[in-house]
Each structure stands twice: as structure tokens, then as C-alpha cells.
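Quick notes on the structure that follows.
The values are calculated or read from the model by the stated rules, or taken from the named source; none is laboratory data. Bear in mind the structure is a predicted one, so any value in this text is a computation, not a measurement. In this analysis, Cβ positions are derived from the backbone assuming ideal geometry, glycine residues included, and neighbour counts consider all displayed protein chains. Keep in mind that these areas ignore ligands, DNA and RNA; they rest on the heavy atoms of the full protein, side chains included. Shrake-Rupley method; radii C 1.70, N 1.55, O 1.52, S 1.80 Å.
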Amino acid sequence: FIEKKLAGKKVIVTAGGTKEAIDPVRYIGNRSSGKMGFAMAKVARDLGADVTLITTVDINFNNMNIIKVQTASEMMKQLQEIFQDTDVLIMAAAVADFKPVHVSDQKIKKNNDEDIFNVKLTKNPDILKTIAATKTNQFVVGFAAETQNLLSNAEKKLASKNADVILANNVSQKGAGFGVDTNQITLLEKGHEPVKWDLMSKTDVAKKFWDFYLNK
Ligand code: C5P
């Protein structure tokens with residue numbers, strides 16, 4: 001039996017890597033599996049929250065509103081429509097920093113005379129930063145995947161992205177980050193000292209996060 005401590009709360013979770021189209025059959029993607037976001041969404045649902053999962057991954061979970069997107073622009077558009085009406089946003093998606101300038105309508109043919117194929121990229125919007133700038137009472141959580149200077153980089157993100165919390169993980173550490181079922185988090189919260197959590201399953205990270213949120 002799980003007490004429905006998040007009953008009445010609306011939670012949005014984004015998860016998975018964005019897929020930035022080059023043409024109808026090709027895209028630029030990343031190695032994000034979506035597992036951390038899925039765990040956040042499932043634990044929130046089990047605690048009674050009304051959960052919307054916006055994801056690039058073809059997946060289905062019971063008792064959750066699932067919105068399937070591909071690109072960062074689509075993810076942002078969906079979020080803009082529902083953000084004002086939510087209590088918590090967990091931005092666990094690995095959003096591509098760049099997208100192709102042009103998306104070809106037709107499959108691009110290989111040119112046998114050319115060994116080099118150039119794809120020109122342009123910056124994607126920073127979804128978290130853009131959305132959190134419109135924050136009223138929403139509690140906004142971002143992730144930071146770092147390979148060096150974990151704390152200073154994550155602290156910068158906490159401030160620059162206007163998030164309430166950043167969950168930082170050192171992805172060069174064994175058992176933390178992309179694809180694996182475990183994670184090692186350092187929680188950074190405005191006005192508080194960083195707190196380092198042990199290495200644990202992503203489900204346990206999610207349980208610990210919601211416990212933290214409920215004790216605020
Ligand atoms: O800047 P960086 O990509 O390290 O920030 C990570 C956090 O920002 C994550 O929560 C991610 O979902 C979010 N993000 C975003 N839009 C981007 C890049 C990252 O919302 N274009």
C-alpha cells in the first residue's frame with residue numbers, strides 16, 4: 001500500500017532524447033534511454049499525482065497521459081500548452097543542443113562524386129530556460145549531466161535556467177547516467193548546500209526525489 005501523498009498534484013515529466021530530423025527517414029539523436037524520466041513519472045503516478053509524460057520514446061504506461069514528440073521544438077510547444085496548469089515540471093529529457101537548419105522534404109540521395117556530406121546545424125531553444133522564465137508557482141526541476149566540474153557547472157545551471165532544483169550526475173562515473181538502471185545524484189537547491197546521494201537504482205532516485213519534494 002502506497003499512501004497517495006501526491007493526490008491532486010499535476011506533474012509533467014519529459015524523458016528521452018530528442019530526434020532532430022534531417023530528412024523523412026534520418027535524424028540526429030543521442031543516447032538517452034528515458035529511464036530516469038520514466039522512473040520519476042511512475043513513482044509520481046504511484047503516489048497519486050496526475051502525470052503527463054512528454055517523451056520521444058515509443059512507450060506506454062498505465063494511468064498516465066503520454067504525449068509523443070520527436071524534436072525539441074515539438075516538446076517545447078507541448079509544454080507551453082500545459083505548463084501554466086501544472087504543479088511540478090521535471091525536465092529529464094536530453095534535448096539536442098542543435099538541429100539541422102534545413103529539413104529535406106524528400107530522402108536525401110547519396111552523391112557518388114562526394115565523400116563529404118555537410119549538415120548545417122542551428123541552436124535549439126533551451127526549453128527549460130524558456131519555460132521556467134514563465135514560472136508562477138510551479139516547482140521546476142532540471143538535470144545536469146556533467147563529465148567535469150560537476151558542482152560549479154550544475155550551480156550555474158540552477159541560476160541561469162531559473163530552476164528550483166538541479167539533479168546533477170557525473171556521467172563519466174560508472175553506474176551513473178545514460179542507458180544504465182542506476183544513477184548517482186547530487187541535489188542542488190536554491191539557497192541550500194548541495195547534497196550528494198549514494199549510487200542507487202533510478203527508481204530509488206525517483207522515490208528519494210519525491211520524498212524530498214513532499215518534505216519541503
Ligand atoms: O545545459 P544542459 O543541456 O546541460 O542542461 C540540462 C537541463 O536543461 C536538462 O534538464 C534538460 O532537459 C534541459 N535542456 C532543455 N533544453 C535544451 C537543453 C537542455 O530544456 N536545449
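What to note about this one:
- Where N is the number of residues in the range 55-142, Cα Rg divided by 2.2 N^0.38 Å: 1.42
- Convex hull of the range 166-216 built on C-alpha atoms - directionally averaged projected area, nm²: 3.5
- Computed accessible area, ILE2, all protein chains, 1.4 angstrom probe, square angstrom: 80
- Residues whose amide H comes within less than 5 Å of that of ILE66, counting only those at least five positions distant or on another chain, are LEU53 (H built at 1.01 Å from N in the peptide plane).
- DSSP beta bridges fully contained in the chain are about 40 percent antiparallel.
- The local environment of ALA92, defined by Cβ-Cβ distances under 13 Å, has a net charge of +3 under the rule Lys, Arg +1 and Asp, Glu -1.
- Accessible surface, 1.4 Å probe, highest first, among residues LYS120, LYS157: LYS120, LYS157
- Taking a Cβ cut-off of under 11 Å around THR203, the surrounding Lys, Arg, Asp and Glu residues balance to a net charge of +2, with basic ones at +1 and acidic ones at -1.
- Cα gyration tensor, the range 101-154 - rounded (a/c under 1.5), prolate or oblate: oblate
- Per-residue 3J(HN,Hα) values for the range 8-16, derived from phi via the Karplus relation 6.51 cos²θ - 1.76 cosθ + 1.60 with θ = phi - 60°, read x, 8, 9, 10, 10, 10, 9, 8, x Hz in sequence order (x marks Gly and Pro).
- Only Lys, Arg (+1) and Asp, Glu (-1) charged, at Cβ; the chain dipole about Cα centre in debye: 120
- Pairwise Cα separations in the range 73-201 fall into 5 Å bins from 0 onward with the following percentages, short to long: 2, 9, 16, 17, 15, 14, 10, 7, 5, 3, 1, 0.
- For the range 89-125 and the range 27-84, distance of Cα centres in Å: 22
- Histogram of C-alpha separations across the chain, 10 Å bin width, %: 8, 33, 36, 16, 6, 1, 0
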